[in-house]
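Have a look at the structure below, then the notes.
Any read-out appearing in this document is the output of simple, stated calculations on the displayed coordinates, not a laboratory observation. Here the structure is a predicted model, which means the values were calculated and not measured. Because the Cβ atoms are built from the backbone with ideal geometry, glycine has one as well, and the counts that use them run over all protein chains shown.
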Amino acid sequence: MKFDADEISNMSLITLNRSEKKEIVKRLNALKSYLDAINSVETPSSPIILAPEGINERADEPIAFDSDKILASFHTIKNRYIKAPRTL
Amino acid sequence: MSSGIISKGARQLVDELQGGSLEASKVFETYRKRINELTKLNAFITSLEYKPNARKEGSLYGLPLAIKDNISTEGIRTTCASLMLKDYMPPYDATAVAKLKAAGVSILGKTNMDEFGMGSSGENSAFGPTRNPWDIERVPGGSSSGSAVAVSARLSPAALGTDTGGSIRAPASFTGTVGFKPSYGYVSRYGLIAYANSLEQIGVIARTVDDAALIFGVIRGKDRFDSTSTDAKPVSSNTGRLFSGGHFKGALLPQLSDLVSKDVREAFDSSVAKLDSEGIEFAEERVEELELALKSYYVVACCEATTNLARYDGVRYGPVADPSRDWKSAISESRTMFGKEVKARIMLGSYMLSSGYYEEYYLKALYIRRNLKLRLLKLSESYDFIYTPTMPVLPWKIGEMIDDPLQVYLSDALTVIANLTGAPAISIPIALKKGLPVGGQLQGRYGLDDRLLELAATISGLLKFRGEPSI
Amino acid sequence: MIGLEVHVQMVSLKSKLFCACPTDYRGKPPNTNICPICTGLPGALPVLNIKAVEEGLKIALALHAEPSTASYFFRKSYFYPDLPKNFQITQYDKAGGVPLAHDGHYTLKNGKTIRIERIHMEEDPGRIYYEGGRGESRFSLVDYNRSGIALVEIVTSPDFTEPEEAREFLELLQKNLDEIGINVSEYEGSVRCDANISYAGGERVEVKNISGATEVEKALRYESVRQRNMATRGVKVRRETRSWDERRRITISSRSKEVEAEYRYMPEEDLPPVSLNQTIIKNIALNMRGSFEDRYRVCSKYGVGEEAAKRLAGDPALYTLFMSITGANEMDASRVGNVLANEFAFVVKKHNNPSLSGDTSSLENIIRAYIRNGDRSRFISAAHSWVSGIPVRAEEYKPKVDIDTLIDETLEKEMKNIGNLEGKRRLDYLMGQILKVSSQLNRKELYIKLQKKLEGLG
């Protein structure tokens, strides 16, 4: 299967500089050809999701968290808003 | 006196602290001094000053512990050994940390690791490689490299690590320490910074099985902040083999021995012979489902990593995503701060989750994983444990494998099994080869963690491994 | 062809979907209603608010959708400033996923049926605020107060042909949600909508983030004119995403060059699936009230007369009693419904806003005894006690019928029918009528008394 590094970069927002690109793409190709062996495994027609075990049991009871503590761990705050780049 | 303190295990320290013959501050300062003397091991990313813990009635009062740097600690920077989180200060404690604090523990510092847990050698850290105290030119194993080195070199009586594909057991094996990965769900993951959330668990690295059990006893249990956490004790019909008069039966997996180097095989075989002579019965089993286990592990781990690490965009913490640039280019710029291994795994996971490939990789890996889980559960009805070496090779030289990443991935072949199945597993030191430690791995049945710990203590006692690095 | 994706905030919940932060974020200063979980801090894990599943099922049942037997969550990955984890926890109907419910339908006034493809739960993103307006600001300001609020997404098939149908659907839906206790009309921005619209020959255009029914109609009208104009000019309508600008009343192309988004769905392994067993679903169905039309339809189905059905459907409390009494035994549902809508409703009116929360099985006994013995006065008194919350003993409503009164009442009622009957035939007819109302009477005693009475009449 084709592995288009630029397309994957764009999808995962991981950009590589020239020297990284050479090394990482080589590594990815090696790893991919190692993993490709699982493509040929026969699986049942309806997919099997391995559901995690456990119980979801939170009741609908509000508890406030000290939001200032959270803001203190963030940067670029403006009037309590998070200042972020914008989409085009 | 100080050499006296560092030679004591966690259980002994706690007893003496509670008996009043030792003082908490003295114990802490002794370790702190040694940490500062042995910075060349690069075991700690952050080391802390003594802060008395007020919980004098706590069951571990006064015990200093090292914590892997991917476990959140309120007000103590938690970096995951990444430039991405270089200055990140969590505003909350992981549940395991909160439990330790409540039991009276003082934190010595945050230990070095492979970035975000991605690595098996301790070399992939933005803060430089961790060094093996048995030979500082060699890797200590990873990803909980700093925690294992801290315990091995007597920089801490015990430490918390995390294990996604062997990250506690591999460095324990390479450093001659005990590394215990509990059953999935037995320790809350709340506050553990996720790499591959369906595989990883917080666990303990200690000098003895007994010390590991002591710490595990404090951090285990159902947590309302982690839906997958549990207190469940398996019901009696589900407990597999029952001990009968101390008679244990272990399964050997000879099909994996092709992967194992001559040195490790010799050490392992002689441990089997010794245990056999002590009355432990072994039988060989062939498990077809193991053939693709490592591959399915890497598929699942990379896919989960892609989503878990998407949140590092520089908008809230980490390298600032420049608000004057457009969204995608600013985020991409911040994300250049990830190390190479992390970038590779994120990209690979992204590829394998994209349309058309999800079915070919991810769903196939889940199917392999499910079959392996069922097969080993069945196997555990006839055996008390599965016995293998922990690592197939001896610790390699730092930088030696840099051009052969696949070889490093292959070194996880024996440890990933327990992460795929969720079963508890423990690595104990069994021998020295060429002056380097070799670990043996015991895997138990899901949920029977206490029994596995008892068994490991018995086997450690029979093998009588003694030894510590001369550093 | 028009299809809608409607996002409804479950405003009846007190805490967010995956964390305990309160839901009353409206009007709060930015980033005051947040915690490690809804800001996606490293190491934080989601834990499901189990009440959200109940509320989601209520909505599903109101839309006549089929609940799934288990409910899974998935991660939907895309990078956006309002999404703190850069993935949204949602549900998915492919790749092994299961939404909360599927295959529902909704009927418009013109009799047209709109198919509901699926209904799923997901978390609301934060809000982006642009200083000086979206066109002006060079950066975004993000407020996570809304991040993690529980949403239900309702996906319809492309069954609408006219913009006003989409409006009607949303208006009905909104009214229906209010009636089942999810009072969306009280909360601004709690119902939001994406619309897919395409006309013959053109590709599908998605118009995002429209708030409310009237805006949907306006946006769709604008878009249909725009697309038809393009077609007459011979310009091909390409697949794209546009957004609705309420102020300027136009749609604006937002991501025109984007190909099919690559969301890289995968299971959310931090959330175990919720199993939705039939008991839970039945209880929700019993407790929810549905719309007037729904309730009326159910009553009619059970054979309740037109006037009585209207009365029951119009009173959610009476309707709830009707459902819980007949839920166990549909046999004489029509008679139970008639008693509730007539005699019982008459009793309820005499009380000042009673809660009607007493033991329904006791009320059921009272009603069934009345149906058997027809003793109105005893029923009225027992019903008064029940409504006041006073325990009602069985003796108070079990048959201890006054035969003389019964004979008098029957004679009065039947006088015109017995005019041309004589002797034994007249006696037998009256016996039959009385026993129809109260079968447990002592026949011999009744016969003698009736005989005497008729003799007296001559």
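Ranking C:Leu356, C:Asn338, C:His64 by Cα position along the charge dipole of chain C, where only Lys, Arg, Asp and Glu carry charges on their C-beta atoms, puts C:Asn338 farthest toward the positive end. Taking Lys and Arg as +1 and Asp and Glu as -1, the other residues whose beta-carbon sits under 13 Å from that of C:Phe87 total -4. Each of C:Met415, C:Met323, B:Met337, B:Met391 was scored by other Cβ atoms within 10 Å of its Cβ. Arranged with the fewest first, they read C:Met415, B:Met337, C:Met323, B:Met391. For A:Arg58, the residues whose modelled amide H falls within less than 5 Å of its own, excluding neighbours fewer than 5 places apart on the same chain, are C:Leu48, C:Ile50. Given the pairs C:Lys416/C:Lys453; C:Lys424/C:Lys444; A:Lys22/B:Lys262; B:Lys101/C:Lys51; A:Lys26/B:Lys434, which span a C-alpha to C-alpha distance of over 23 angstrom in this model? Going by Cα-Cα distance, A:Lys22/B:Lys262; B:Lys101/C:Lys51; A:Lys26/B:Lys434 fall outside the 23 Å limit. Evaluated at q = 0.06, 0.07, 0.10 Å⁻¹, the base-10 log of the normalised Debye intensity for the protein assembly as shown, with identical point scatterers placed on the Cα atoms, takes the values -0.56, -0.71, -1.16. Positive contributions from Lys and Arg (+1) and negative ones from Asp and Glu (-1), summed over other residues with Cβ under 12 Å from the Cβ of B:Lys68, come out at -3. Note on C:72-83: average number of Cβ atoms from other chains within 10 Å of each residue's Cβ is 5.
Our coupling estimate for the range C:211-220, obtained by passing each phi through the Karplus curve with A = 6.51, B = -1.76, C = 1.60 and θ = phi - 60°, is 9, x, 5, 5, 5, 4, 4, 4, 4, 5 Hz, Gly and Pro reported as x. Run the helix sum for the protein assembly as shown: -39,500 (n - 2.57) per DSSP H stretch of 4+ residues, divided by residue count, reported at 222 nm to the nearest 500 deg cm²/dmol. Mean residue ellipticity at 222 nm (helix-derived): -11500 deg cm²/dmol.
Each Lys or Arg adds one and each Asp or Glu subtracts one; over the other residues with Cβ under 11 Å from the Cβ of B:Gly339, this totals -2. Our note on the geometry: Cα centres of the range C:45-74 and the range C:75-95, 18 Å apart.
Shown in residue order for the range B:460-466 are the 3J(HN,Hα) couplings computed by the Karplus curve 6.51 cos²θ - 1.76 cosθ + 1.60 at θ = phi - 60°: 4, x, 6, 7, 6, 6, 10 Hz (x for Gly and Pro). At q = 0.17, 0.22, 0.31 Å⁻¹ the log10 of I(q)/I(0) for the range C:403-457 amounts to -0.45, -0.79, -1.65, computed by Debye summation with a single uniform scatterer per C-alpha, solvent ignored. Considering only alpha-carbon pairs that sit under 8 angstrom and 6 or more positions apart, the relative contact order computed for chain B is 17 percent.
For the range C:289-396, the pair-distance distribution built from all alpha carbon pairs, in bins 5 Å wide starting at 0, is 2, 13, 27, 25, 21, 9, 3, 0 percent.
Residues whose amide H falls under 5 Å from that of C:Ser140, counting only those 5 or more places apart or on a different chain, are A:Ala84, A:Arg86, with hydrogens built in the peptide plane.
Coordinate range of the alpha-carbon atoms in the range C:300-354 per principal axis, descending: 32, 22, 16 Å. Seen from all directions on average, chain A presents a Cα convex hull projection of 12.6 nm². Determine, at each q value in 0.12, 0.13, 0.17 (inverse angstroms), the log₁₀ of I(q)/I(0) that the Debye formula gives when each Cα of the range B:310-421 is one equal point scatterer. Once normalised to I(0) and log-transformed, intensities are -0.72, -0.81, -1.05. Take each residue in B:399-407, count the other chain C-beta atoms within 10 Å of its C-beta, and the mean is 2. Across the cross-link table entries B:Lys110/B:Lys364; A:Lys69/B:Lys56; B:Lys68/B:Lys340, which are compared at the Cα atoms, the separations over 29 Å belong to B:Lys110/B:Lys364. Ranking C:Thr113, B:Ala310, A:Leu71 by Cα position along the charge dipole of the protein assembly as shown, where only Lys, Arg, Asp and Glu carry charges on their C-beta atoms, puts A:Leu71 farthest toward the positive end. For the range B:313-318, putting each phi into the Karplus relation 6.51 cos²θ - 1.76 cosθ + 1.60 with θ = phi - 60° gives couplings of 10, x, 7, 9, 8, x Hz, in residue order, rounded to whole numbers and with x for Gly and Pro.
Defining a contact as two alpha carbons under 8 Å apart and six or more residues distant in sequence, what relative contact order in percent does the range C:1-96 show?
21 percent.
The Rg/Rh ratio of chain C, with both radii computed over alpha carbons and Rh defined as the Kirkwood radius, is 1.15. For the range C:83-194, the equivalent ellipsoid derived from the Cα gyration tensor has semi-axes of 29, 19, 14 Å, listed largest first. The residues B:Val438, C:Val347, B:Val209, B:Val149, when put in order of fewest to most other Cβ atoms within 10 Å, stand as C:Val347, B:Val209, B:Val438, B:Val149.
Summarising the amide proton neighbourhood of C:Met266: residues at separation of 5 or more, or on other chains, whose placed amide H is nearer than 5 Å comprise C:Arg75.
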